[in-house]
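Please treat every number below as a calculation from the coordinates, not as lab data. This one's a predicted model, so the numbers in the text were calculated from it and none came from an experiment. As a convention, Cβ positions derive from the backbone with ideal geometry for all residues, glycine included, and neighbour counts pool all protein chains shown.
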Amino acid sequence: MADPRKLPKIIAVANQKGGVGKTTTAINLGAALARRDRRVLLVDLDPQGNASTGLGLAPEARKVSSFDLLLGEATPEEAAHPTANPNLLLVPATSDLSGADLELGNRQGRTGLLRGALRQPLMDALRLDYILIDCPPSLNVLTINALVAAQSVLVPLQSEFFALEGLSQLMLTIREVRQTANPSLRIEGVALTMVDRRTSLAQMVEADARENLGDLVFQTVIPRNVRLSEAPSHAQSVLDYDPSSAGANAYRALAAELLARES
Ligand SMILES: Nc1ncnc2c1ncn2[C@@H]1O[C@H](COP(=O)(O)OP(=O)(O)OP(=O)(O)O)[C@@H](O)[C@H]1O
Ligand SMILES: [Mg+2]
């Protein structure tokens, strides 16, 4: 499927608010794209390593990490670990990432390290269509690296009161990155997560998001679904864990929507 001359599309999955569904989205959107025959690399850029654990890579199996890739101490082929799905590769996170702020300090070019790593010619050997970056819940040097490396940002927005208020800091940061290191950075879309459409609160949040953000909001909404929260403890995406669940349907639909926008 992958055309070796085509550069992969790099999407940062980011929101500085914790627990809004970044990792769930990165894993399951990645798995859904992989099921559609796209070659996907998930880069776990969160020291918590939830995406790595959720895809079944235990800490002791993480020989080479996203921190090594960032520092240029590993090649993309060394850093990309296989997962249960042959089209889905993973650069795992290790806890060294939590020292990145200190370690990178004021090092020149420290916000462009991931961009350099993901755009090096050695990446071609992985024949990727998509790179998804799972960001930590902070606007720290790691998230900035993701925003500088990416073509676009996908923002999971948890369906709750005040959800939109939390977006302004992220939008300001995106604007700053555009004004400096990455002028072409786009917003891929805002995905409403953990939605329970039976509640009037969820309906209100969705209406509010669509009114304020317009077409930036994906048509697909991700429902609150217990299968999505169970899947990581089985080291599986929801597409493997329970392919007929509402959560699996939603992430397949999100992948279809993303692909349709690009065709
Ligand atoms: N649609 C959903 N339905 C039910 N549970 C969900 C859903 N999405 C995420 N969860 C659960 O909510 C919790 C937070 O989700 P997740 O880890 O994806 O968020 P996150 O934004 O990556 O968090 P962090 O900011 O800590 O990295 C997890 O326990 C996850 O399993
Ligand atoms: Mg996470």
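Quick check for me: using +1 on Lys/Arg Cβ and -1 on Asp/Glu Cβ, what's the dipole size of the stretch 114-263 about its Cα centre, in debye to the nearest 20?
For this selection, approximately 260 debye.
How big is the dipole moment of the stretch 1-158 about its Cα centre under a simple scheme where the beta carbon of each Lys and Arg is +1, that of each Asp and Glu is -1, and everything else is neutral? Debye, nearest 20, please.
580
State the percent of C-alpha pairs, over all pairs in the chain, separated by a distance greater than 27 angstrom.
Every Cα pair in the chain considered, those over 27 Å come to 32 percent.
What residues have an amide H closer than 5 Å to that of L157, excluding those fewer than 5 places away on the same chain, when H is modeled at 1.01 Å from N in the peptide plane?
The list, which skips near neighbours in sequence, is A191, L192, T193.
Quick check for me: using +1 on Lys/Arg Cβ and -1 on Asp/Glu Cβ, what's the dipole size of the stretch 9-262 about its Cα centre, in debye to the nearest 20?
It comes to approximately 440 debye.
Which of I174, V226, A14 sits farthest toward the positive end of the charge dipole of the chain, with +1 on the Cβ of Lys and Arg and -1 on the Cβ of Asp and Glu?
Farthest towards the positive pole: I174.
Go through P137, T25, G105 and say which Cα lies farthest out towards the positive end of the charge dipole of the chain; charges sit on Cβ, +1 for Lys and Arg, -1 for Asp and Glu.
T25
Compute the separation of the alpha-carbon centres of the stretch 50-91 and the stretch 123-155 and state it in Å as a whole number.
Using only Cα atoms, the two centres lie 14 Å from each other.
Residue-wise, which Karplus ³J(HN,Hα) couplings in Hz belong to the stretch 154-167, taking 6.51 cos²θ - 1.76 cosθ + 1.60, θ = phi - 60°, and x for glycine or proline?
9, 10, x, 10, 6, 6, 7, 4, 6, 4, 5, 4, x, 6
So for the chain, taking the charge dipole from beta-carbon charges (+1 Lys/Arg, -1 Asp/Glu), which of G116, M194, A51 sits furthest toward the positive end?
Among G116, M194, A51, the one farthest towards the positive end of the dipole of the chain is G116.
Around S245, which amide H atoms from residues at least 5 apart in sequence, or from another chain, sit under 5 Å from its own amide H, with H modelled in the peptide plane?
The answer is none.
For the stretch 1-71, what are Rg and Dmax over the alpha carbons, in angstrom?
13.2, 37
Which whole-Hz couplings ³J(HN,Hα) result when phi for each residue of the stretch 131-142 is put into the Karplus expression 6.51 cos²θ - 1.76 cosθ + 1.60, θ = phi - 60°, listed in order with x for Gly and Pro?
10, 10, 10, 8, 8, x, x, 6, 9, 8, 4, 6
Can you list the aspartates and glutamates whose alpha carbon sits under 16 Å from that of K22, skipping same-chain ones fewer than 8 residues off?
Filter leaves D44, D46, D134, E160, E188, E230.
Using the Karplus curve 6.51 cos²θ - 1.76 cosθ + 1.60 with θ = phi - 60°, what ³J(HN,Hα) values do you get for each residue of the stretch 89-99, in whole Hz, with x for Gly and Pro?
With coefficients 6.51, -1.76 and 1.60, one gets 10, 9, 9, x, 9, 10, 5, 4, 4, 5, x Hz.
If each residue of separation counts as 0.36 nm, what is the full-extension length gain between D215 and D37 once their alpha-carbon separation is subtracted?
61.4 nm
Quick one: Cα centre-to-centre distance for the stretch 176-200 and the stretch 228-263, in angstrom?
After rounding, the separation between the Cα centres reads 19 Å.
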